[in-house]
Amino acid sequence: MALTPKNELSREEKRAKQESAQQEALLREVDDAVRQSDAQAFLDRWGKPLLGLIILALVAFAGYLYWDSRQEAAMERDSETLVGALDQIQAGNLDSGYDRLEELAAGEGSGAAVVAKLMRAGIAEQRGDTDEASALFKQIAADDGAAPAMRDLARLRDVALNYDAMDSADIVAALKPLATPGKPYFASAGELVAHAYLDQDKRAEAGALFAQIAKDQTAPESVRSRARQMAGVLGVDAIEDVEALLAEQGVERESAAGEDAAVATE
(Lines give C-alpha, C1' and ligand atoms only; values in the text may rest on other atoms or scores of the structure.)
Protein backbone atom coordinates (compact mmCIF):
# COMPACT_ATOMS: atom_id res chain seq x y z
CA MET A 1 0.00 0.00 0.00
CA ALA A 2 1.51 3.40 -1.13
CA LEU A 3 1.87 6.16 1.46
CA THR A 4 1.04 9.84 0.72
CA PRO A 5 3.93 12.25 1.57
CA LYS A 6 3.20 14.39 4.58
CA ASN A 7 4.53 17.60 2.91
CA GLU A 8 2.53 17.24 -0.30
CA LEU A 9 0.40 20.36 -0.84
CA SER A 10 -3.24 20.23 -1.74
CA ARG A 11 -4.44 21.58 -5.07
CA GLU A 12 -5.94 24.66 -3.44
CA GLU A 13 -2.70 25.46 -1.62
CA LYS A 14 -0.69 25.11 -4.79
CA ARG A 15 -3.09 27.42 -6.61
CA ALA A 16 -2.91 30.01 -3.80
CA LYS A 17 0.87 29.91 -3.80
CA GLN A 18 0.98 30.35 -7.58
CA GLU A 19 -1.41 33.29 -7.45
CA SER A 20 0.70 34.93 -4.70
CA ALA A 21 3.85 34.57 -6.79
CA GLN A 22 2.08 36.07 -9.79
CA GLN A 23 0.88 39.03 -7.70
CA GLU A 24 4.41 39.67 -6.39
CA ALA A 25 5.80 39.61 -9.92
CA LEU A 26 3.08 42.01 -11.05
CA LEU A 27 3.81 44.37 -8.16
CA ARG A 28 7.50 44.35 -8.99
CA GLU A 29 6.74 45.16 -12.60
CA VAL A 30 4.42 47.99 -11.55
CA ASP A 31 7.04 49.30 -9.09
CA ASP A 32 9.74 49.21 -11.76
CA ALA A 33 7.47 50.99 -14.19
CA VAL A 34 6.66 53.66 -11.63
CA ARG A 35 10.34 54.14 -10.81
CA GLN A 36 11.23 54.36 -14.49
CA SER A 37 8.40 56.80 -15.05
CA ASP A 38 9.53 58.96 -12.09
CA ALA A 39 13.12 58.92 -13.32
CA GLN A 40 12.04 59.85 -16.82
CA ALA A 41 9.88 62.65 -15.48
CA PHE A 42 12.79 63.91 -13.34
CA LEU A 43 15.15 63.84 -16.33
CA ASP A 44 12.59 65.56 -18.53
CA ARG A 45 12.29 68.38 -16.00
CA TRP A 46 15.82 68.70 -14.59
CA GLY A 47 18.05 66.91 -17.07
CA LYS A 48 19.13 69.96 -19.08
CA PRO A 49 19.75 72.22 -16.05
CA LEU A 50 21.81 69.47 -14.39
CA LEU A 51 23.80 68.93 -17.56
CA GLY A 52 24.44 72.69 -17.72
CA LEU A 53 25.66 72.73 -14.11
CA ILE A 54 27.98 69.81 -14.75
CA ILE A 55 29.41 71.55 -17.82
CA LEU A 56 29.87 74.81 -15.87
CA ALA A 57 31.63 72.94 -13.06
CA LEU A 58 33.99 71.29 -15.53
CA VAL A 59 34.70 74.61 -17.25
CA ALA A 60 35.33 76.30 -13.87
CA PHE A 61 37.71 73.53 -12.82
CA ALA A 62 39.58 73.74 -16.12
CA GLY A 63 39.78 77.52 -15.69
CA TYR A 64 41.19 77.13 -12.18
CA LEU A 65 43.86 74.73 -13.44
CA TYR A 66 44.80 77.20 -16.16
CA TRP A 67 44.86 80.14 -13.73
CA ASP A 68 46.95 78.15 -11.25
CA SER A 69 49.50 77.25 -13.91
CA ARG A 70 49.69 80.89 -15.04
CA GLN A 71 50.13 82.06 -11.43
CA GLU A 72 52.92 79.58 -10.84
CA ALA A 73 54.65 80.61 -14.06
CA ALA A 74 54.28 84.29 -13.14
CA MET A 75 55.77 83.70 -9.66
CA GLU A 76 58.72 81.90 -11.21
CA ARG A 77 59.33 84.82 -13.59
CA ASP A 78 59.04 87.34 -10.74
CA SER A 79 61.48 85.35 -8.61
CA GLU A 80 63.97 85.16 -11.45
CA THR A 81 63.69 88.92 -11.97
CA LEU A 82 64.27 89.67 -8.27
CA VAL A 83 67.20 87.27 -8.00
CA GLY A 84 68.77 88.63 -11.19
CA ALA A 85 68.43 92.21 -9.97
CA LEU A 86 69.86 91.28 -6.57
CA ASP A 87 72.86 89.68 -8.26
CA GLN A 88 73.48 92.90 -10.18
CA ILE A 89 73.18 95.01 -7.04
CA GLN A 90 75.58 92.79 -5.10
CA ALA A 91 78.02 93.04 -8.01
CA GLY A 92 77.88 96.83 -7.75
CA ASN A 93 75.85 97.29 -10.96
CA LEU A 94 73.17 99.49 -9.41
CA ASP A 95 71.90 100.93 -12.68
CA SER A 96 71.49 97.48 -14.23
CA GLY A 97 69.67 96.19 -11.16
CA TYR A 98 67.43 99.24 -11.12
CA ASP A 99 66.47 98.76 -14.78
CA ARG A 100 65.79 95.04 -14.34
CA LEU A 101 63.17 95.85 -11.70
CA GLU A 102 61.29 98.49 -13.70
CA GLU A 103 58.63 96.25 -15.30
CA LEU A 104 58.01 94.23 -12.14
CA ALA A 105 57.77 97.35 -9.95
CA ALA A 106 55.14 98.79 -12.32
CA GLY A 107 52.76 95.95 -11.46
CA GLU A 108 50.03 96.31 -8.87
CA GLY A 109 48.70 94.03 -6.16
CA SER A 110 51.51 91.50 -5.96
CA GLY A 111 54.08 90.98 -3.23
CA ALA A 112 56.84 90.79 -5.83
CA ALA A 113 55.91 94.24 -7.15
CA VAL A 114 56.17 95.71 -3.65
CA VAL A 115 59.57 94.09 -3.10
CA ALA A 116 60.73 95.43 -6.48
CA LYS A 117 59.66 98.96 -5.49
CA LEU A 118 61.48 98.66 -2.17
CA MET A 119 64.63 97.52 -3.96
CA ARG A 120 64.41 100.37 -6.47
CA ALA A 121 63.91 102.84 -3.61
CA GLY A 122 67.00 101.46 -1.89
CA ILE A 123 69.03 101.78 -5.10
CA ALA A 124 67.83 105.35 -5.58
CA GLU A 125 68.85 106.13 -2.00
CA GLN A 126 72.33 104.67 -2.58
CA ARG A 127 72.69 106.75 -5.74
CA GLY A 128 71.82 109.88 -3.76
CA ASP A 129 68.42 110.41 -5.41
CA THR A 130 66.52 110.95 -2.18
CA ASP A 131 63.47 112.48 -3.86
CA GLU A 132 62.83 109.39 -5.98
CA ALA A 133 63.56 107.07 -3.07
CA SER A 134 61.16 108.97 -0.82
CA ALA A 135 58.45 108.94 -3.51
CA LEU A 136 58.71 105.16 -3.86
CA PHE A 137 58.65 104.63 -0.09
CA LYS A 138 55.52 106.79 0.16
CA GLN A 139 53.83 104.80 -2.64
CA ILE A 140 54.37 101.55 -0.77
CA ALA A 141 53.30 103.00 2.59
CA ALA A 142 50.04 104.19 1.02
CA ASP A 143 49.36 100.91 -0.85
CA ASP A 144 46.43 99.18 0.87
CA GLY A 145 47.15 96.02 -1.11
CA ALA A 146 50.68 95.68 0.25
CA ALA A 147 51.44 93.54 3.29
CA PRO A 148 51.34 95.56 6.57
CA ALA A 149 54.98 94.69 7.34
CA MET A 150 56.06 96.06 3.95
CA ARG A 151 54.04 99.24 4.44
CA ASP A 152 55.53 99.77 7.91
CA LEU A 153 59.05 99.21 6.58
CA ALA A 154 58.52 101.73 3.78
CA ARG A 155 57.17 104.30 6.26
CA LEU A 156 60.15 103.76 8.55
CA ARG A 157 62.65 104.05 5.70
CA ASP A 158 60.99 107.21 4.42
CA VAL A 159 61.12 108.91 7.83
CA ALA A 160 64.75 107.85 8.34
CA LEU A 161 65.60 109.26 4.91
CA ASN A 162 63.94 112.61 5.59
CA TYR A 163 64.54 112.80 9.36
CA ASP A 164 66.67 115.95 9.33
CA ALA A 165 64.16 117.86 7.22
CA MET A 166 61.08 116.75 9.20
CA ASP A 167 59.43 118.36 12.18
CA SER A 168 59.79 116.29 15.35
CA ALA A 169 56.02 116.21 15.83
CA ASP A 170 55.57 114.73 12.33
CA ILE A 171 58.21 112.09 13.10
CA VAL A 172 56.39 111.06 16.26
CA ALA A 173 53.02 111.00 14.48
CA ALA A 174 54.39 108.84 11.64
CA LEU A 175 56.32 106.31 13.70
CA LYS A 176 54.64 106.14 17.10
CA PRO A 177 52.34 103.27 15.97
CA LEU A 178 55.50 101.30 15.07
CA ALA A 179 57.40 102.27 18.24
CA THR A 180 55.50 99.76 20.36
CA PRO A 181 57.09 96.68 21.99
CA GLY A 182 56.22 93.59 19.99
CA LYS A 183 56.01 95.39 16.65
CA PRO A 184 58.43 94.14 13.95
CA TYR A 185 60.36 97.42 13.70
CA PHE A 186 60.00 98.55 17.32
CA ALA A 187 63.71 99.11 17.98
CA SER A 188 64.45 101.14 14.85
CA ALA A 189 61.22 103.14 14.97
CA GLY A 190 61.48 103.62 18.73
CA GLU A 191 65.02 105.01 18.45
CA LEU A 192 63.89 107.65 15.96
CA VAL A 193 60.84 108.54 18.06
CA ALA A 194 62.97 108.82 21.21
CA HIS A 195 65.34 111.27 19.50
CA ALA A 196 62.31 113.23 18.29
CA TYR A 197 61.14 113.38 21.93
CA LEU A 198 64.53 114.81 22.86
CA ASP A 199 64.12 117.47 20.18
CA GLN A 200 60.83 118.34 21.90
CA ASP A 201 62.62 118.39 25.29
CA LYS A 202 60.51 115.41 26.47
CA ARG A 203 63.35 113.76 28.37
CA ALA A 204 61.16 111.48 30.48
CA GLU A 205 59.37 110.02 27.44
CA ALA A 206 62.67 109.62 25.58
CA GLY A 207 64.36 107.91 28.54
CA ALA A 208 61.49 105.48 29.05
CA LEU A 209 61.47 104.56 25.35
CA PHE A 210 65.26 104.09 25.26
CA ALA A 211 64.96 101.80 28.29
CA GLN A 212 62.29 99.70 26.57
CA ILE A 213 64.52 99.30 23.52
CA ALA A 214 67.50 98.35 25.66
CA LYS A 215 65.47 95.57 27.29
CA ASP A 216 64.08 94.22 24.03
CA GLN A 217 65.72 90.83 23.52
CA THR A 218 64.70 90.74 19.84
CA ALA A 219 66.43 94.02 18.96
CA PRO A 220 69.93 94.07 17.43
CA GLU A 221 72.62 94.36 20.08
CA SER A 222 74.04 97.51 18.50
CA VAL A 223 70.67 99.27 18.86
CA ARG A 224 70.21 97.98 22.41
CA SER A 225 73.67 99.20 23.38
CA ARG A 226 73.00 102.71 22.06
CA ALA A 227 69.62 102.78 23.79
CA ARG A 228 71.16 101.61 27.07
CA GLN A 229 73.71 104.43 26.95
CA MET A 230 71.08 107.05 26.11
CA ALA A 231 68.79 105.80 28.88
CA GLY A 232 71.68 106.07 31.34
CA VAL A 233 72.46 109.62 30.22
CA LEU A 234 68.80 110.48 30.81
CA GLY A 235 68.86 108.95 34.29
CA VAL A 236 66.84 105.82 33.50
CA ASP A 237 68.10 102.41 34.58
CA ALA A 238 67.87 100.16 31.52
CA ILE A 239 69.79 97.17 32.93
CA GLU A 240 67.65 94.36 34.28
CA ASP A 241 70.39 91.78 34.86
CA VAL A 242 73.94 93.09 35.39
CA GLU A 243 75.44 89.60 35.39
CA ALA A 244 73.80 88.76 32.05
CA LEU A 245 74.96 92.03 30.54
CA LEU A 246 78.55 91.44 31.63
CA ALA A 247 78.40 87.89 30.26
CA GLU A 248 77.12 89.16 26.92
CA GLN A 249 79.98 91.64 26.72
CA GLY A 250 82.55 89.05 27.83
CA VAL A 251 83.48 90.92 30.99
CA GLU A 252 84.24 89.08 34.25
CA ARG A 253 82.42 90.38 37.32
CA GLU A 254 85.58 90.53 39.45
CA SER A 255 87.64 92.32 36.80
CA ALA A 256 84.84 94.83 36.28
CA ALA A 257 84.68 95.48 40.03
CA GLY A 258 88.48 95.86 40.15
CA GLU A 259 88.40 98.38 37.36
CA ASP A 260 85.69 100.36 39.15
CA ALA A 261 87.75 100.34 42.38
CA ALA A 262 90.87 101.47 40.54
CA VAL A 263 88.95 104.32 38.98
CA ALA A 264 87.56 105.30 42.38
CA THR A 265 91.02 105.47 44.01
CA GLU A 266 92.57 107.60 41.29
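The values are calculated or read from the model by the stated rules, or taken from the named source; none is laboratory data. Since the structure is predicted, the reported quantities are computational estimates derived from the model, not experimental observations. Please note: Cβ atoms are built from the backbone with ideal geometry, for glycine as well, and neighbour counts cover all protein chains shown.
Is it fair to say Gly97 is over 14 Å from Met150 (Cβ atoms) and in the same structural domain as Phe137 (by TED's automatic domain parsing)?
Details: over 14 Å from Met150 (Cβ atoms): yes; in the same structural domain as Phe137 (by TED's automatic domain parsing): yes.
Spelling it out, Gly97 is indeed over 14 Å from Met150 (Cβ atoms) and in the same structural domain as Phe137 (by TED's automatic domain parsing).
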Being touching a residue at least 12 places away in the same chain (Cβ under 8 Å) and surrounded by 13 or more Cβ atoms within 10 Å (Cβ to Cβ) is the filter here, so list the residues in segment 123-134 that pass it. Ile123, Ala124, Glu125, Arg127, Thr130, Ala133, Ser134
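Out of the residues in segment 171-203 that are of a type in the set (Gly, Ala, Ser) and not in a helix (DSSP H, G or I), state the one that is surrounded by the fewest Cβ atoms within 10 Å (Cβ to Cβ). Spell out the reasoning first.
Here is the first cut: in segment 171-203, the residues of a type in the set (Gly, Ala, Ser) are 173-174, 179, 182, 187-190, 194, 196.
If we keep only those that are not in a helix (DSSP H, G or I) as well, we get 179, 182.
Working: Ala179: 24, Gly182: 7.
Looking at the filtered set, the residue picked out is Gly182.
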Against the conditions (1) acidic (Asp, Glu); (2) surrounded by fewer than 18 Cβ atoms within 10 Å (Cβ to Cβ); (3) in contact with a Lys or Arg (Cβ under 8 Å, 6 or more places away or on another chain), where does Asp167 fall short? Just the number, please. (3)
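Which members of segment 102-130 meet the condition of being acidic (Asp, Glu) and within 26 Å of Ala91 (Cβ to Cβ)? Walk me through how you get there before you give the answer.
Step one: filter segment 102-130 for residues acidic (Asp, Glu), giving 102-103, 108, 125, 129.
Those that are acidic (Asp, Glu) and within 26 Å of Ala91 (Cβ to Cβ): Glu102, Glu103, Glu125, Asp129.
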Might you let me know whether segment 206-214 holds any residue that is surrounded by fewer than 20 Cβ atoms within 10 Å (Cβ to Cβ), touching a helix residue (DSSP H, G or I) at 6+ places or on another chain (Cβ under 7 Å) and at pLDDT below 95? no
